[in-house]
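What follows is a set of notes on a single structure, which appears directly below.
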Amino acid sequence: MWSQSDGLRHEIFTSTYTGDEWASPVKVTDNNANNLHPVIAIGDNGSKWIFWSAVRPNGISIEYAVLNGDEWSEPTKLPLEQNSSITPSALADKQGGIWLVWAGNDGGNDDIYVSHYQKTEWSDPHVLHAPNEVPDITPEITYNKEDKIEVTWIGFRGKGYVRLASVYTEGKGWSAEQEKLVEQEVEEEKVNNEEEQEVELPKFLPSDSQFFLKIY
């Protein structure tokens with residue numbers, strides 16, 4: 001999945017690698033927005049959701065589409081009342097739900113928001129960290145090595161930016177933010193790299209595109 005310019009704006013495209021070749025690209029968006037930062041969440045049941053930032057003159061919103069059979073649904077705008085909602089990250093949990101985090105701005109500094117989709121609707125979004133007057137940006141959500149849902153992001157604390165994390169526990173909710181040590185990230189990245197399969201990127205992928213590769 002990637003964001004590609006058509007000369008006027010960026011659109012979202014997808015392709016799937018099966019066997020030994022990539023399928024022909026499928027165009028998901030065709031709107032009057034620059035569609036950037038695409039990510040995908042794939043559930044245990046095979047469900048596929050893609051999310052991206054839709055940049056328009058009057059603001060930035062998060063939109064998404066769901067794969068129904070062999071076709072992607074029409075893009076849907078996440079119902080948010082924010083000046084900007086950008087850089088989404090998504091996770092399909094083991095109960096069939098979808099978790100979504102993003103950097104949202106309601107007129108001040110960016111904060112990290114989270115919402116959970118279950119059955120037919122999204123939960124009311126809320127800020128993941130304690131209230132502050134500094135920027136929090138670029139969140140990522142995944143299962144950690146303890147098999148718990150974890151969100152990491154970059155936040156300005158003290159005199160500079162640091163990597164922060166919050167962990168979700170069923171029945172208790174999200175933990176208070178904690179600084180995530182660089183050594184932890186290096187070790188986790190090493191483990192992830194060892195588990196990754198090597199896949200050759202498709203030749204039709206533009207060199208200047210923003211792409212997101214999911215191996216499953």
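Structure notes:
- Complete set of residues in the stretch 39-66 that are over 13 Å from T29 (Cα atoms), crowded, with 19+ Cβ neighbours inside 10 Å and over 12 Å from the mean Cα position of the chain (by Cα): K48, I60, S61
- S209 passes every criterion in (1) modelled with pLDDT of 90 or more; (2) in contact with a Phe, Trp or Tyr (Cβ under 7 Å, 6 or more places away or on another chain) apart from (1).
- Residues located in the stretch 58-74, provided they are farther than 20 Å from S115 by Cβ and among the aromatic types (F, W, Y): W72
- Residues within the stretch 137-165 that are over 15 Å from the mean Cα position of the chain (by Cα), part of a strand (DSSP E or B) and surrounded by 13 or more Cβ atoms within 10 Å (Cβ to Cβ), tallied: 8
- Any chance L91 is modelled with pLDDT under 95 and surrounded by 14 or more Cβ atoms within 10 Å (Cβ to Cβ): no
- Enumerated strands (runs of 3 or more DSSP E) restricted to the stretch 1-98, each holding at least 2 residues that are more than 22 Å from K203 (Cβ to Cβ): 34-42, 48-56, 59-68, 84-92
- Annotation for the stretch 76-99: no member residue is at positive phi, more than 18 Å from the chain's Cα centre (by Cα) and among the small types (G, A, S).
- The residues of the stretch 166-183 that are open to solvent by less than 80 Å² (accessible area, probe 1.4 Å) and β-branched (V, I, T), listed by number, are V167, T169.
- Any chance I112 is open to solvent by less than 30 Å² (accessible area, probe 1.4 Å), farther than 20 Å from I137 by Cα and either within 15 Å of the chain's Cα centre (by Cα) or free of Cβ contacts under 8 Å to residues at least 24 places away in the same chain (or both): no
The values are calculated or read from the model by the stated rules, or taken from the named source; none is laboratory data. From a predicted model like this one, the values you see are computed outputs, not experimental measurements. Quick reminder, even Gly has a Cβ in these numbers, built from the backbone with ideal geometry, and neighbours come from all protein chains shown. We work out accessible area using only protein heavy atoms, side chains counted, and drop any ligands, DNA or RNA first. Shrake-Rupley method; radii C 1.70, N 1.55, O 1.52, S 1.80 Å.
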